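A quick write-up on the structure given underneath.
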Amino acid sequence: MSDERVYPEDVAGEFPRPPTEFTDHENREIEVRAWREHHDADSEAFEALVEMYVDFDPADRAQGVPPVGETRVRDWLENLLEQDGFDVLAWHGDDVVGHGTLVPDDETTFELAIFVHQDYQGAGIGTELIEALLGYGQEHGAEYVWLTVERWNRPAVALYEKVGFETASAESFEMEMAIRLS
Amino acid sequence: MKVLLGMGGAEDSLDALEETVTRAAAAGDELTIGIVENPESDRTPEQLVAAANAELGAVGLDADVRQLSGDPGSSLVQVAESEEFDQIVLGGGQRSPMGKIRLGQIAEFVLLNSHVSVKLVR
């Protein structure tokens, strides 16, 4: 999308592969699993994902995603999941509480986004989710990952920096960050 | 209303063209279409002039179609302010494969610099 995007020179270290399990800061047992293993067989996973987004606070939207309203959420998710990308879900029991996605530009380059439900934010889930997502991408040959983030969204920028993203382009309203996975 | 539509040739500017011409015909707007050079676009200014004329012809609307030279954002703002337009209309950005909306460089410049109201078409 932007020709000026600069990737870090250094390759990031190895990230953990999903599935991963941890206890969040609120003492909840959370499991991060790859979506692909559920794709055809288990539509319960899809419904649980839809439910998270239908209940998502619109104040936490970024650049128009996630869309608002169940119909739009379903259309958006179906379109996302049918691309040849990588998705991981954070589960608390039977509820999806977080979703990370890598959407392909081409075979080696992906756009990243993560969403954590409001009731589960600030509990360390975002870090685990993004690490498992990057590990999943690494496992399947993703080399370059980029994202956009609104520059006033400090917690998100801090999280991306913590796992190794660097600013790739800061010329637009939203800033671009990038990481090299292999 | 005196409306200046800025077209750089990205996909969203074609959507803006259609919407603006339809609305101008219905509302009786006095429409000017400014074709600018957008380095992010694959379409030439000549193709954009042709697209604009085709859209105008389809609804039988008369409009001033001109090519603006120089920096695209600043030439649009300058024309809008010096000729006392009421509104600048631009495409409202493209969506990434993820679905995230991203504004074009021209729209960002115009939004931050224009003293004339700006409309983004979605």
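Some points to look at:
- Residue pairs whose Cβ atoms lie under 9 Å apart, separated by 6 or more positions or on different chains, with the first residue in segment A:45-67 and at the interface with chain B (Cβ under 10 Å from one of its Cβ atoms) and the second acidic (Asp, Glu), are A:ALA62/A:GLU150; A:ALA62/A:GLU174; A:GLN63/A:GLU150; A:GLN63/A:GLU174; A:PRO66/A:ASP60; A:PRO67/A:ASP75.
- From the options B:ARG122, B:ARG43, residue that is within 14 Å of chain A (Cβ to nearest Cβ), among the charged types (D, E, K, R) and closer than 30 Å to A:TRP146 by Cα: B:ARG122
- Residue check, B:ALA80 more than 13 Å from every other protein chain (Cβ to nearest Cβ) and without any contact (Cβ under 8 Å) to a residue 24 or more places away in the chain: no
- Residue within segment A:115-126 that is within 14 Å of chain B (Cβ to nearest Cβ), on the phi < 0 side of the Ramachandran plot and either among the hydroxyl-bearing types (Ser, Thr, Tyr) or part of a strand (DSSP E or B) (or both) present: yes
- Selected residue (criterion: farthest from the other protein chains (Cβ to nearest Cβ)) from residues of segment A:154-173 that are in a strand (DSSP E or B) and of a type in the set (Ser, Thr, Tyr): A:THR167
Conditions tested, residue by residue: (1) under 29 Å from B:GLY92 (Cβ atoms); (2) in a strand (DSSP E or B); (3) in contact (Cβ under 8 Å) with a residue 12 or more places away in the chain.
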| residue | (1), (2), (3) |
| --- | --- |
| A:LEU80 | yes, no, yes |
| A:ASP106 | yes, no, no |
| A:LEU129 | no, no, yes |
| A:GLY135 | no, no, yes |
| A:ALA142 | no, no, yes |
| A:MET175 | yes, yes, yes |
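- Per the listing A:ALA12, A:ALA59, the residue uniquely among the hydrophobic types (A, V, I, L, M, F, W, C), out of contact with any Ser or Thr (no Cβ under 7 Å at 6 or more places or on another chain) and in a loop (DSSP other than H, G, I, E, B) is A:ALA12.
- All conditions but one from (1) buried (at least 20 other Cβ atoms within 10 Å of the Cβ); (2) closer than 12 Å to A:TRP35 by Cα; (3) more than 11 Å from chain B (Cβ to nearest Cβ) apply to A:THR101; the one that does not is (3).
Throughout, read-outs are computed from the coordinates displayed, never taken from laboratory work. Keep in mind it's a predicted model, so treat the numbers as computed, not measured. Counting neighbours? That spans all protein chains shown, and the Cβs are built from the backbone with ideal geometry, glycine included.
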